[in-house]
Amino acid sequence: MRFLVVDDEPLLRKMLTEYLSFYCSDIDIAADGREAIEEYTNALLNGKPYTLICLDVDMPILDGNTALKRIRKTEQEMGLEDDEKTKILMTTALSEREAVLEILKNGPDGYLLKPFKKERLTEELKKLGLIRE
């Protein structure tokens, strides 16, 4: 498995990386959506795609929703089957119904409302089939 953690806040990147390191030792980081797309594309081209991307919604340069749309478009253009697509877990402090609906319409596999605890992340990883009970 390979994971990518994308967040503009260094402390949140570190926390999420620490949580995820319990399940995976191959974790990359990116500070914005532009970097996330670059990392994702390079991983695909090198034949080492990410299993999971944890993608913050609200970031400078390129937001998470735009990055999500571009990643899903790339998967579609490449003709990837559902089981070949990267699982994308959106992370956000936005809890308003409209914001959540906007996130969900772009095709993530799940989302976490910040702040969250390790146990909540573990629940999402189980739902995504990335870890077992």
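The values are calculated or read from the model by the stated rules, or taken from the named source; none is laboratory data. This structure is a prediction, so every number in the text was calculated from the model and none was measured. Using ideal geometry, Cβ is built from the backbone for each residue, glycine included, and neighbour counts are taken over all protein chains shown. Accessible surface areas use protein heavy atoms only, side chains included; no ligands, DNA or RNA. Shrake-Rupley method; radii C 1.70, N 1.55, O 1.52, S 1.80 Å.
Would you pick out the residues in segment 74-104 that are at pLDDT 85 or above, out of contact with any helix residue (DSSP H, G or I) (no Cβ under 9 Å at 6 or more places or on another chain) and open to solvent by 70 Å² or more (accessible area, probe 1.4 Å)? Of everything in segment 74-104, those that are at pLDDT 85 or above, out of contact with any helix residue (DSSP H, G or I) (no Cβ under 9 Å at 6 or more places or on another chain) and open to solvent by 70 Å² or more (accessible area, probe 1.4 Å) turn out to be GLN76, GLU77, GLU81, ASP82, ASP83. Can you tell me which residue in segment 32-63 is nearest to the chain's Cα centre (by Cα), limited to those that are aliphatic (A, V, I, L, M) and open to solvent by 30 Å² or more (accessible area, probe 1.4 Å)? Only one residue tops the list, namely ILE37. Of the candidates THR17, THR66, the single residue that is among the hydroxyl-bearing types (Ser, Thr, Tyr), over 13 Å from THR86 (Cα atoms), touching a strand residue (DSSP E or B) at 6+ places or on another chain (Cβ under 6 Å) and surrounded by fewer than 19 Cβ atoms within 10 Å (Cβ to Cβ) is THR17. Of the residues in segment 112-131, none is farther than 19 Å from CYS24 by Cα and among the acidic types (Asp, Glu).
Answer yes if at least one residue in segment 13-29 is within 12 Å of the chain's Cα centre (by Cα), assigned to a loop (DSSP other than H, G, I, E, B) and at pLDDT 95 or above, and no otherwise. No, every residue in segment 13-29 fails to be within 12 Å of the chain's Cα centre (by Cα), assigned to a loop (DSSP other than H, G, I, E, B) and at pLDDT 95 or above.
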